[in-house]
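**Q** Structure incoming, see below.
The values are calculated or read from the model by the stated rules, or taken from the named source; none is laboratory data. Everything numeric here is computed off the predicted structure, so don't read it as measured data. Heads up, the Cβs are rebuilt from the backbone with ideal geometry, glycines too, and the neighbour counts pull from every protein chain shown.
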Amino acid sequence: MKIQGHAALVTGGGSGLGEATARELARLGAKVAVLDVNMDNAQRVAADIGGIAVQCDVTSPGSMQAAIEQAAAAHGTARILMQIAGIGSAKRVVGKDGNAAPLEDFAKVINVNLIGTYNAARLFAAACAKADPMEDGERGVMVFTASVAAFDGQVGQQAYSASKAGVAGMTLPMARDLAQHGIRVCTIAPGLFATPLLRTLPEPIQASLAASIPFPARLGKPEEFAELAAHIVSNGHLNGEVIRLDGALRMAPR
């Protein structure tokens with residue numbers, strides 16, 4: 001699919017990997033809707049790239065549907081979904097106080113990262129499936145965000161790893177399901193990236209994390225994630241695949 005001129009939705013587009021992806025799509029000529037729960041961030045990015053900002057909670061069917069409709073009113077039916085919105089978590093099953101981890105903490109991460117991804121995907125796909133087919137019968141493409149933690153999660157990452165493993169696990173069956181509609185589905189599983197959240201860590205910790213990456217021994221750049229996301233859109237034979245983007249990193253237990 002040629003990115004130029006097509007409408008794109010980027011959830012979590014107000015910061016980090018989502019912001020970089022929104023900027024890259026706009027650079028390549030897409031009409032970008034920046035979806036985020038933080039409207040200030042969404043408006044900042046949208047103003048920079050000539051897109052629109054839409055407040056959106058991916059866990060809410062009503063909010064997600066309204067965001068899709070608002071973006072369509074401005075740009076036409078979206079052909080590209082970058083599902084990047086997500087949250088992190090670190091909680092041991094049994095805490096230092098001897099008590100079990102609160103169930104609601106686990107449920108919150110699953111709700112945002114896994115159920116939120118499915119919610120965004122199902123509503124985007126329903127709208128995209130009604131659009132006219134393009135070259136090769138393609139109607140659209142979705143790119144999800146997993147994590148290397150889906151495969152080698154660390155101590156305390158039970159909720160996060162489970163949520164991201166769920167995203168990775170539904171990629172192929174969803175690609176097979178939506179093949180009849182000409183909608184491709186791929187997932188990127190990033191390693192350690194220089195996002196605003198990671199940049200809040202002390203410099204020595206950041207340096208230690210970077211040194212754990214075989215090559216290149218540095219944190220990933222959000223722009224590198226964005227470049228891969230854009231390539232997935234433009235490469236029509238990429239479908240049903242989960243791609244690690246991690247510099248050959250394999251996470252240690254802790």
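**Q** Counting only residues that are surrounded by fewer than 20 Cβ atoms within 10 Å (Cβ to Cβ), free of Cβ contacts under 8 Å to residues at least 40 places away in the same chain and touching a Lys or Arg at 6+ places or on another chain (Cβ under 7 Å), give me the helices (runs of 4 or more DSSP H) lying completely in the range 121-200 with at least 1 of them.
**A** Working: elements: 149-152, 158-178, 196-199.
Once the helices (runs of 4 or more DSSP H) in the range 121-200 are filtered for at least 1 residues that are surrounded by fewer than 20 Cβ atoms within 10 Å (Cβ to Cβ), free of Cβ contacts under 8 Å to residues at least 40 places away in the same chain and touching a Lys or Arg at 6+ places or on another chain (Cβ under 7 Å), nothing remains.
**Q** Then there is this: Give the range 25-39 a look and list any residue that's touching a residue at least 60 places away in the same chain (Cβ under 8 Å) and either more than 14 Å from Val143 (Cα to Cα) or surrounded by fewer than 24 Cβ atoms within 10 Å (Cβ to Cβ) (or both), or say none. Steps first, answer last, please.
**A** Start the filter on the range 25-39 by keeping residues that are touching a residue at least 60 places away in the same chain (Cβ under 8 Å), which leaves 25, 28.
Of everything in the range 25-39, just one residue is touching a residue at least 60 places away in the same chain (Cβ under 8 Å) and either more than 14 Å from Val143 (Cα to Cα) or surrounded by fewer than 24 Cβ atoms within 10 Å (Cβ to Cβ) (or both), namely Leu28.
**Q** Which of (1) in a loop (DSSP other than H, G, I, E, B); (2) surrounded by fewer than 17 Cβ atoms within 10 Å (Cβ to Cβ) does Ala85 not meet, given it meets every other one?
**A** In the conditions (1) in a loop (DSSP other than H, G, I, E, B); (2) surrounded by fewer than 17 Cβ atoms within 10 Å (Cβ to Cβ), Ala85 misses (2) alone.
**Q** State which residue is nearest to Ala168 (Cα to Cα) when the search covers only the range 201-254 and only residues that are touching a residue at least 12 places away in the same chain (Cβ under 8 Å) and hydroxyl-bearing (Ser, Thr, Tyr).
**A** Filtering first and then ranking leaves Ser234.
**Q** Right, next: Which members of the range 27-67 meet the condition of being assigned to a helix (DSSP H, G or I), under 20 Å from Val185 (Cβ atoms) and in contact with a strand residue (DSSP E or B) (Cβ under 7 Å, 6 or more places away or on another chain)?
**A** Ala67, the sole residue that qualifies.
This table checks each residue for (1) modelled with pLDDT of 95 or more; (2) under 23 Å from Val10 (Cβ atoms); (3) acidic (Asp, Glu).
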| position | (1), (2), (3) |
| --- | --- |
| Ala107 | yes, no, no |
| Pro133 | yes, no, no |
| Arg139 | yes, yes, no |
| Gly153 | no, no, no |
